[in-house]
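Below: the structure, in structure tokens.
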Amino acid sequence: MIGDSTVKNGKGKGDGGLWGWGSFLGAHFDTTRITVENHALGGTSSRTFRTQGHWDKVLPKVKAGDFVLMQFGHNDSSPLNDSTRARGTIRNNSDAVQEIQNLLTKKPEVVHSYGWYLRQFITEVQAKGATAIVLSPVPRNTFKDGKANRNQDSYGLWASEAASQTKALFIDLNKIISDRYEKEGEEKVKSTYFNSKDNTHTIQAGAQVNAAALAEGIRQNKKLELNKYLLSKTNVLPL
């Protein structure tokens, strides 16, 4: 797994009572047959996970037959250029670029679109003989008229387009979770899956639900080889 803090918050040990779903995904798999590794890093975008060298540490570990799940987007909406993070990406799946003098690194940089960065991850994974699986970003704890925070017109759409262009698998994780949120209702979601101070990062129960949602998304893709490693029953919160 690669991604941001919604996949791995802090060191992945419940820092501040908050968890990413990647910490609980392994509970859905037969780990005597498959190894589940969470290489996500909080604060990163699809751009900075690459430019800061994190991907360079993960890619050599990828082998033929592996599966690489990627979920970025929560930090991609940040500014393209500032003196604190400089992590934003162009908000689409185009080949557009913007040349900047990075205020953080003090170096020139060509910034690409969110979809472009995903496509680079995908093609590099595929070149290794591994399977790339693109996920739409999980919803935040924000509702409007009882409707969950969906991203089918933004990052979910662009992630889907990037996957389609590169013949990678796409799982609409945002939709699966949002459907559940709307079924259970805003009040329960806010009180059960999040704390009162953070609308992006889940507490343990929320992370378990998100992991279960991803397992269900994998299960729905009958042709995906990863299915054969899923457990039929788990001890985590069911969908």
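The values are calculated or read from the model by the stated rules, or taken from the named source; none is laboratory data. As the structure is a computational prediction, the values presented were derived from the model and not from experiment. Neighbour counts run over all protein chains shown; Cβ positions are idealised from the backbone, glycine included. Keep in mind that these areas ignore ligands, DNA and RNA; they rest on the heavy atoms of the full protein, side chains included. Shrake-Rupley method; radii C 1.70, N 1.55, O 1.52, S 1.80 Å.
Being touching a residue at least 12 places away in the same chain (Cβ under 8 Å), under 19 Å from Thr48 (Cβ atoms), surrounded by fewer than 19 Cβ atoms within 10 Å (Cβ to Cβ) and not hydrophobic (A, V, I, L, M, F, W, C) is a condition met by at least one residue of region 124-143. Within region 133-166, the set of residues being in a strand (DSSP E or B) and under 22 Å from Phe67 (Cα atoms) comprises Ile133, Val134, Leu135.
Can you tell me which of Val36, Val62, Val7, Val68 is modelled with pLDDT of 95 or more, in contact with a Ser or Thr (Cβ under 8 Å, 6 or more places away or on another chain) and of a type in the set (A, V, I, L, M)? Walk me through it before giving the result.
Details: Val36 fails: in contact with a Ser or Thr (Cβ under 8 Å, 6 or more places away or on another chain); Val62 fails: in contact with a Ser or Thr (Cβ under 8 Å, 6 or more places away or on another chain); Val7 fails: in contact with a Ser or Thr (Cβ under 8 Å, 6 or more places away or on another chain).
Sole residue among the options that is modelled with pLDDT of 95 or more, in contact with a Ser or Thr (Cβ under 8 Å, 6 or more places away or on another chain) and of a type in the set (A, V, I, L, M): Val68.
Within region 153-196, track down each residue that is basic (Lys, Arg) and under 17 Å from Asn210 (Cα atoms).
Pass one, region 153-196, residues basic (Lys, Arg): 167, 175, 180, 183, 188, 190.
Result: Lys175, Arg180, Lys183, Lys188, Lys190.
Would you confirm whether or not region 225-233 contains a residue that is open to solvent by 30 Å² or more (accessible area, probe 1.4 Å), over 21 Å from Thr131 (Cβ atoms) and charged (D, E, K, R)? Talk me through it step by step, then tell me what you get.
We begin by selecting, within region 225-233, every residue open to solvent by 30 Å² or more (accessible area, probe 1.4 Å); these are 225, 227-229, 231-233.
With the extra rule that they be over 21 Å from Thr131 (Cβ atoms), the set shrinks to 232-233.
Narrowing further to those that are charged (D, E, K, R): 233.
Yes: region 225-233 contains one or more residues that are open to solvent by 30 Å² or more (accessible area, probe 1.4 Å), over 21 Å from Thr131 (Cβ atoms) and charged (D, E, K, R).
Checking Asp82 against (1) touching a His at 6+ places or on another chain (Cβ under 9 Å); (2) farther than 18 Å from Gly115 by Cα; (3) of a type outside the set (A, V, I, L, M): exactly one of these is not met. Which one? Of (1) touching a His at 6+ places or on another chain (Cβ under 9 Å); (2) farther than 18 Å from Gly115 by Cα; (3) of a type outside the set (A, V, I, L, M), only one is false for Asp82: (1).
Within region 177-207, being part of a helix (DSSP H, G or I), touching a residue at least 60 places away in the same chain (Cβ under 8 Å) and closer than 17 Å to Ser136 by Cα holds for Gly206, Ala207.
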